[in-house]
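*Asks:* Sharing a structure with you now.
The values are calculated or read from the model by the stated rules, or taken from the named source; none is laboratory data. Since we're looking at a predicted model, the values are computed, not measured. Using ideal geometry, Cβ is built from the backbone for each residue, glycine included, and neighbour counts are taken over all protein chains shown. With ligands, DNA and RNA removed, areas are computed over all heavy atoms of the protein, side chains included. Shrake-Rupley method; radii C 1.70, N 1.55, O 1.52, S 1.80 Å.
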Amino acid sequence: MAREKTIKENVITKEKTNSTEKAKRSTKIKRVVIEETENVAFPQKIAEQEPSVSAKKKILFVASEARPFIATGGLADVIGSLPKALAEDPTYDIRVVLPLYADIKPDFRRRMSYLGNIYVPVAWRSQYCGVFSCVESGVTFYFIDNEQYFKRPNCYGYFDDGERFAFFSRSVLEIMPFIDFYPDILHCHDWQAALSAIYLKTIYIHRPEYRSIRALFTIHNIEYQGKYSLDIIEDLFGIDKYYTGLLEYHGCINLMKAAIECSERFSTVSPTYANEIKTAQYAYGLQDIICKNANKLTGILNGIDVDSYDPATDKALFAQFSAEDLSNKKICKTELQKMLRLPVKDVPVIAMISRLVSHKGLELVKTVAEDILHEDVQFVLLGTGDYGYENYFREIGRRYEGKASINIAFNGDLSRKIYSGADIFLMPSVSEPCGLSQMIASRYATVPVVRETGGLYDSIKPYGAGGNGFTFASCNPYDMLYVLHEAMNLYKNKEEWEALMKKVATTDFSWAHSADEYKKLYNDTLKAF
Ligand code: GLC
């Protein structure tokens with residue numbers, strides 16, 4: 001009953017605070033909520049089963065992608081695995097909100113239940129917002145449905161992305177009374193979710209039910225900040241011009257900047273990157289804001305889903321193996337060579353799986369690619385990206401047929417075959433907030449060669465110092481070539497190489513440690529004002 005009461009009170013508040021034009025919307029919310037109270041008893045059911053539910057820490061993740069539903073990059077891995085790791089702690093109630101993109105496969109849609117719909121203000125517009133939900137690995141996921149905004153191929157890249165994610169971010173706050181879930185912490189990720197934190201601290205700050213919600217903003221990719229022309233603050237984002245100072249940065253709206261400013265805490269995905277983004281070299285213009293707010297900043301290294309990336313159970317592999325018994329890794333290698341039409345021979349297979357964009361260090365690779373390929377090695381590349389790089393590598397593939405296998409594609413199955421079948425994994429990023437590929441490769445006993453930046457620095461330590469890979473510091477192609485040679489030489493020493501593979505494969509990249517770090521950060525965020 002308490003649930004119904006809260007909802008009714010919310011509706012009354014809405015009716016009192018909104019204009020007559022919006023009265024219809026308000027009535028609709030009321031009708032749907034009351035109808036759905038009986039049918040959609042999900043949150044209520046949990047409350048009945050577990051009396052301690054109110055004592056749990058309630059965290060609502062807001063993000064634009066999550067595995068297994070929809071993925072374009074590392075963000076999806078994190079949103080697909082961190083909530084799951086946190087949810088193992090019974091004192092946490094973790095939920096996630098995502099847009100219901102057209103690209104989410106029917107298999108997943110069939111598992112979702114329709115909770116009902118509300119109408120969400122996008123400035124002067126009132127937009128339909130369907131709410132679906134399903135439980136995945138112990139975590140409740142909500143999906144925001146609006147065909148005008150999300151029934152299109154791909155997640156991003158549209159002229160109206162600002163409006164699409166304003167709608168999404170606003171929906172997150174509007175569905176709270178509807179799903180009867182007011183979190184303790186709204187944990188927003190990257191610019192697409194920045195407006196949720198901003199709305200919370202501007203439009204919703206005066207509503208009693210929202211007043212105690214704290215905001216945590218996590219940066220995965222500082223390159224995309226959500227920059228828009230100042231004249232759409234009111235007309236599209238529906239935020240009073242009074243807040244222009246909060247939203248404005250370098251002459252335009254900057255959503256990431258505003259989310260950093262108004263969140264109680266903000267974080268990024270490795271300790272080293274948290275320091276790097278205080279400098280112009282890494283911050284894409286945001287360094288002053290990062291420095292100004294440095295007392296609120298934490299860097300926590302991502303983990304990976306070690307159940308999903310487990311060579312002992314991964315069905316995508318040609319053969320399963322483990323750190324204790326690596327013998328089948330040879331089968332993975334020979335089958336990969338056959339599949340990619342490379343001669344089956346005992347030479348080091350150097351692999352790259354990467355978006356083909358400059359900050360992944362591809363200029364370094366281009367400079368010395370031919371030096372590498374003149375050695376007794378094989379080179380395997382998988383990825384898509386900038387047209388110039390795609391063409392360059394295709395050409396390398398043609399010229400070094402039988403030595404280089406260039407796969408311009410995004411292919412999850414093939415990526416696992418490469419992670420497990422290669423010997424050396426090359427990741428020479430110019431900047432890398434965290435990087436997950438070096439961790440996945442390690443899990444499959446493929447030795448990483450990385451540049452010492454961001455999360456690469458925090459996760460891979462040099463072999464010479466007893467570490468789990470090979471590293472180089474400066475953005476110099478010949479430094480990279482030097483450590484690649486070190487790795488290739490060690491490969492010839494079977495005993496030492498095997499010992500290194502074991503070390504690499506047993507490095508703990510699970511979420512266990514980092515989930516604890518997030519819990520500390522949540523406690524800290526809750527204490528903040
Ligand atoms: C972004 C970053 C990557 C990080 C991932 C998940 O894709 O570029 O380094 O691992 O987000 O946080």
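*Asks:* Checking Ala194 against (1) aliphatic (A, V, I, L, M); (2) away from the ligand (no atom under 16 Å from the Cβ); (3) touching a Cys at 6+ places or on another chain (Cβ under 7 Å), which test does it fail?
*Replies:* Tallying (1) aliphatic (A, V, I, L, M); (2) away from the ligand (no atom under 16 Å from the Cβ); (3) touching a Cys at 6+ places or on another chain (Cβ under 7 Å), Ala194 fails exactly one: (2).
*Asks:* Another question, then. So is Gly138 exposed (fewer than 13 other Cβ atoms within 10 Å of the Cβ) and either touching an Asp or Glu at 6+ places or on another chain (Cβ under 6 Å) or at pLDDT below 95 (or both) or not?
*Replies:* yes
*Asks:* Also: From the list Thr298, Thr334, which residue is within 30 Å of Leu75 (Cα to Cα), open to solvent by 40 Å² or more (accessible area, probe 1.4 Å) and not acidic (Asp, Glu)?
*Replies:* Thr298
*Asks:* Turning to a different aspect of this structure: So the check is Cβ under 7 Å with 6+ separation or different chains; which pairs have a first residue in segment 141-154 that's of a type in the set (A, V, I, L, M) and a second one that's at pLDDT 95 or above?
*Replies:* Ile144/Val97; Ile144/Pro99; Ile144/Leu100; Ile144/Cys129; Ile144/Val131; Ile144/Phe168; Ile144/Ser171
*Asks:* Just need a number here: residues in segment 59-75 that are assigned to a loop (DSSP other than H, G, I, E, B), away from the ligand (no atom under 15 Å from the Cβ) and buried (at least 24 other Cβ atoms within 10 Å of the Cβ).
*Replies:* Number satisfying all stated conditions: 1.
*Asks:* Quick one: which helices (runs of 4 or more DSSP H) sit completely within segment 418-506 and have at least 2 residues that are buried (at least 24 other Cβ atoms within 10 Å of the Cβ) and within 16 Å of the ligand (Cβ to nearest atom)?
*Replies:* Working: elements: 437-443, 454-459, 477-492, 494-506.
The qualifying helices (runs of 4 or more DSSP H) are 437-443, 454-459.
*Asks:* Just checking, which of Ile440, Ile408, Ile396 is closer than 26 Å to Ala319 by Cβ, at pLDDT 95 or above and in the same structural domain as Leu342 (by TED's automatic domain parsing)?
*Replies:* None of the others qualify; the one that does is Ile440.
*Asks:* Which ones in segment 248-258 are small (Gly, Ala, Ser) and either surrounded by fewer than 21 Cβ atoms within 10 Å (Cβ to Cβ) or within 16 Å of the ligand (Cβ to nearest atom) (or both)?
*Replies:* Within segment 248-258, just Gly251 meets the criteria.
*Asks:* Being in the same structural domain as Leu362 (by TED's automatic domain parsing), modelled with pLDDT of 95 or more, out of contact with any Phe, Trp or Tyr (no Cβ under 8 Å at 6 or more places or on another chain) and not aliphatic (A, V, I, L, M) narrows it down to one residue among Lys417, Lys461; which is it? Don't jump to the end; show me each part of the working.
*Replies:* Details: Lys417 fails: out of contact with any Phe, Trp or Tyr (no Cβ under 8 Å at 6 or more places or on another chain).
On inspection, the qualifying residue turns out to be Lys461.
*Asks:* Any residue at all in segment 163-171 that's free of Cβ contacts under 8 Å to residues at least 12 places away in the same chain and either assigned by TED's automatic domain parsing to the domain that holds Asp93 or surrounded by fewer than 14 Cβ atoms within 10 Å (Cβ to Cβ) (or both)?
*Replies:* Within segment 163-171, none of the residues are free of Cβ contacts under 8 Å to residues at least 12 places away in the same chain and either assigned by TED's automatic domain parsing to the domain that holds Asp93 or surrounded by fewer than 14 Cβ atoms within 10 Å (Cβ to Cβ) (or both).
*Asks:* Which of the following residues is open to solvent by less than 10 Å² (accessible area, probe 1.4 Å) and in contact with a Cys (Cβ under 9 Å, 6 or more places away or on another chain): Ser263, Ser267?
*Replies:* Values: Ser267 fails: in contact with a Cys (Cβ under 9 Å, 6 or more places away or on another chain).
Testing whether each residue is open to solvent by less than 10 Å² (accessible area, probe 1.4 Å) and in contact with a Cys (Cβ under 9 Å, 6 or more places away or on another chain) leaves just Ser263.
*Asks:* Kindly evaluate Asp103 against the criterion of being surrounded by fewer than 20 Cβ atoms within 10 Å (Cβ to Cβ), acidic (Asp, Glu) and under 15 Å from Glu65 (Cα atoms).
*Replies:* Values: surrounded by fewer than 20 Cβ atoms within 10 Å (Cβ to Cβ): yes; acidic (Asp, Glu): yes; under 15 Å from Glu65 (Cα atoms): yes.
The answer is yes for Asp103.
*Asks:* Here is a further query. Against the definition (open to solvent by less than 30 Å² (accessible area, probe 1.4 Å), among the hydroxyl-bearing types (Ser, Thr, Tyr) and under 26 Å from Thr268 (Cα atoms)), how does Tyr156 come out, yes or no?
*Replies:* Taking the combined requirement at face value, the residue does not satisfy it.
*Asks:* Separate question: Given the conditions (1) open to solvent by 50 Å² or more (accessible area, probe 1.4 Å); (2) under 20 Å from Gly74 (Cβ atoms); (3) out of contact with any helix residue (DSSP H, G or I) (no Cβ under 8 Å at 6 or more places or on another chain), and given that Arg341 satisfies all but one, which numbered condition is not satisfied?
*Replies:* Result: Arg341 passes all but (2).
Yes/no per residue for (1) open to solvent by less than 10 Å² (accessible area, probe 1.4 Å); (2) of a type outside the set (Ser, Thr, Tyr):
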position	(1), (2)
Leu186	yes, yes
Ala193	yes, yes
Lys201	no, yes
Tyr204	yes, no
Leu216	yes, yes
Ile219	yes, yes
Glu223	no, yes
Asp235	no, yes
Lys241	no, yes
